1. Is it the case, given these coordinates, that Ala30 is within 30 Å of Lys3 (Cα to Cα), of a type outside the set (S, T, N, Q) and either open to solvent by 60 Å² or more (accessible area, probe 1.4 Å) or out of contact with any Gly (no Cβ under 7 Å at 6 or more places or on another chain) (or both)?
2. What is the number of the single condition among (1) among the β-branched types (Val, Ile, Thr); (2) open to solvent by 100 Å² or more (accessible area, probe 1.4 Å); (3) in contact with a helix residue (DSSP H, G or I) (Cβ under 8 Å, 6 or more places away or on another chain) that Val51 does not meet?
3. Given the condition in a helix (DSSP H, G or I), in contact with a Ser or Thr (Cβ under 7 Å, 6 or more places away or on another chain) and at pLDDT below 90, answer yes or no: does some residue in segment 17-36 qualify?
4. Tell me yes or no: at least one residue of segment 68-84 is in contact with a helix residue (DSSP H, G or I) (Cβ under 9 Å, 6 or more places away or on another chain), open to solvent by 50 Å² or more (accessible area, probe 1.4 Å), modelled with pLDDT under 90 and part of a helix (DSSP H, G or I).
Amino acid sequence: MNKSKIPAILFLILTVLCCLVIWSFSFDNAESSGAESDRVGEITSEAVEKVSGAKVTFEPFVIRKTAHFVEFAVLGVLLYMTFRLL
């Protein structure tokens, strides 16, 4: 295998894995997705409180929208790198 193709194959594998993760999240029902959003909100609130000392709460809606944005942004970067290196 040509050494110049190894990064392209690595990014292709990461892209497929990211797609599979996004796809697996789509199978969660509303109850488990809401519970996960609540848990992430609690962890994030605790982290912000430890760092800044300020008490904040994050709405599950904001957590879910931010998660969607981040997971698709990661997918976009992976797709860009995959096509650039192929």
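The values are calculated or read from the model by the stated rules, or taken from the named source; none is laboratory data. Remember, predicted model here, so these are calculated numbers, not experimental data. For neighbour counting, all protein chains shown are included, and Cβ atoms are generated from backbone atoms with ideal geometry for every residue, glycine included. The accessibility values were calculated without ligands, DNA or RNA, using every heavy atom of the protein model including side chains. Shrake-Rupley method; radii C 1.70, N 1.55, O 1.52, S 1.80 Å.
1. It is false that Ala30 is within 30 Å of Lys3 (Cα to Cα), of a type outside the set (S, T, N, Q) and either open to solvent by 60 Å² or more (accessible area, probe 1.4 Å) or out of contact with any Gly (no Cβ under 7 Å at 6 or more places or on another chain) (or both).
2. Failing condition for Val51: (3).
3. no
4. The answer is no, given that none of the residues of segment 68-84 is in contact with a helix residue (DSSP H, G or I) (Cβ under 9 Å, 6 or more places away or on another chain), open to solvent by 50 Å² or more (accessible area, probe 1.4 Å), modelled with pLDDT under 90 and part of a helix (DSSP H, G or I).
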